[in-house]
Amino acid sequence: MGSKIAKAVFLMTAIMFFAVLALDIAVPTLVLCTMALSSWVVSLDLPVVRKQRGETA
């Protein structure tokens, strides 16, 4: 009976390890992509249209 419990504990440990490993890769990737996208948006040279008082769109 102890062998079944040990196998179940090992399986759960392996599942948790690989789940955390996947998150350890995915989260920094999302952060770096967001930083790159925000840097790209800021560097765009878009004309800014400002409304004067009394003007309508």
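The values are calculated or read from the model by the stated rules, or taken from the named source; none is laboratory data. This one's a predicted model, so the numbers in the text were calculated from it and none came from an experiment. For the accessible areas, the whole protein counts, side chains as well, though only heavy atoms, and no ligand, DNA or RNA atoms are used. Shrake-Rupley method; radii C 1.70, N 1.55, O 1.52, S 1.80 Å.
Per residue, region 1-47 exposes 94 Å² of solvent-accessible protein surface, assessed with a 1.4 angstrom probe and all protein chains in place.
Shape verdict for region 1-40, please, from the Cα gyration tensor: rounded (a/c under 1.5), prolate (a/b greater than b/c) or oblate.
It is prolate, given that a/c is not under 1.5 and a/b is the larger ratio.
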